[in-house]
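Report on the structure given below.
The values are calculated or read from the model by the stated rules, or taken from the named source; none is laboratory data. Everything quoted here is computed from the prediction, not taken from an experiment. Positions of Cβ are generated from backbone atoms using ideal geometry, with glycine treated the same way; all protein chains shown enter the neighbour counts.
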Amino acid sequence: MLLHIPELLSGDEIRQARQALEGAPWADGRDSAGPQAATVKNNEQLPHDCAAAGTVRQLVLRAVERHPLLLTAALPRKIFTPRVNRYGGDTPFYGAHVDNAIRFRADNGERVRTDVSCTVFLADPAEYDGGELLVQDTYGARGVKLPAGHAVLYPGTSIHEVTPVTRGHRLACFFWIESMVRSDEQRRLLFELDMAIMKLRDRHGECDEAVALTGTYHNLLRMWADT
Ligand code: NI
């Protein structure tokens, strides 16, 4: 499932993030790529321990924790330390690759299985040309390029790439989520059920059917979730 999360960050948070990134110490992006990915990766990333990365990371993690759509879609169990990257100039793309299945958090070395990938756009589409995130799903490639502050969730299992930026710079924050529900298919079913129950309540208020379906939702979650 590929899901657009509108306005994960507010306008004010975007301004804070962009301010933090002015004069930030960009480094070669290949230091975090696996052997296959490193051969096709040509972008820049911020070191985990720099102040700018810390500011953006904090803004993004706080936003994730308060965002119901993201939480219900991803059902997070663990979140990998968010990273910040930049595409443009001599380092404009990241070719087709798959992300490593297991990553290690920067702060405590904890293992995180990369079930769900999240990209948070930090530059507006008008600021750069190219730089589309292309995600292969069952029905072919889907291109994603969203306004600053918006995010996209996509399965960690998918092959994906960032097309070359030919003007300006594309800034983004990205991270992985280990979900309580490992299977993308099961997560999608739970998400669709949850959305349908919410719409049912909006239309008819609390009713016996909504209570029964909420029970079904939680019983499926109990059956499929690892905590
Ligand atoms: Ni990737």
So, in segment 1-39, of the ones that are among the β-branched types (Val, Ile, Thr) and modelled with pLDDT of 95 or more, which residue ends up farthest from VAL162 (Cα to Cα)?
ILE14
Given the options THR166, THR157, name the one that is at pLDDT below 95 and either within 18 Å of ARG113 (Cα to Cα) or of a type in the set (Ser, Thr, Tyr) (or both).
THR157
I'd like to know if segment 112-120 contains one or more residues that are assigned by TED's automatic domain parsing to the domain that holds LEU61, more than 16 Å from the ligand (Cβ to nearest atom), surrounded by fewer than 19 Cβ atoms within 10 Å (Cβ to Cβ) and closer than 18 Å to VAL181 by Cβ.
no
Considering segment 101-111, residues that are among the aliphatic types (A, V, I, L, M) and at pLDDT 95 or above, and then whichever is nearest to the ligand (Cβ to nearest atom), we arrive at ALA101
Conditions first: (1) over 20 Å from VAL181 (Cα atoms); (2) in contact (Cβ under 8 Å) with a residue 60 or more places away in the chain; (3) surrounded by fewer than 18 Cβ atoms within 10 Å (Cβ to Cβ). ASN85 passes all but one, so which condition is the exception?
(3)
Within segment 145-160, count every residue that is farther than 17 Å from PRO125 by Cα and assigned to a strand (DSSP E or B).
4
Residues (within 16 Å of the ligand (Cβ to nearest atom) and touching a helix residue (DSSP H, G or I) at 6+ places or on another chain (Cβ under 8 Å)) located in segment 172-216
CYS173, PHE175, ILE177
So for segment 136-148 (the condition being touching a Cys at 6+ places or on another chain (Cβ under 8 Å), closer than 18 Å to HIS4 by Cβ and either buried (at least 22 other Cβ atoms within 10 Å of the Cβ) or at pLDDT below 95 (or both)), does at least one residue qualify?
no
Condition check for LEU71: surrounded by fewer than 16 Cβ atoms within 10 Å (Cβ to Cβ), closer than 30 Å to LEU189 by Cβ and within 16 Å of the ligand (Cβ to nearest atom):
no
Residues in segment 125-133: is at least one in a strand (DSSP E or B), within 16 Å of the ligand (Cβ to nearest atom), free of Cβ contacts under 8 Å to residues at least 40 places away in the same chain and surrounded by 15 or more Cβ atoms within 10 Å (Cβ to Cβ)?
yes
Here, strands (runs of 3 or more DSSP E) confined to segment 1-109 with at least 3 residues that are within 23 Å of GLY131 (Cα to Cα) are 3-5, 83-87, 93-97
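Let's see how each residue does on (1) farther than 30 Å from GLU22 by Cβ; (2) charged (D, E, K, R):
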residue	(1), (2)
ARG170	no, yes
GLU185	yes, yes
MET195	yes, no
LEU220	yes, no
Taking only pairs six or more apart or across chains, which ones have beta-carbon atoms under 8 Å, a first residue in segment 1-13 that is under 25 Å from GLU185 (Cα atoms), and a second residue that is assigned to a loop (DSSP other than H, G, I, E, B) and small (Gly, Ala, Ser)?
LEU8/GLY149
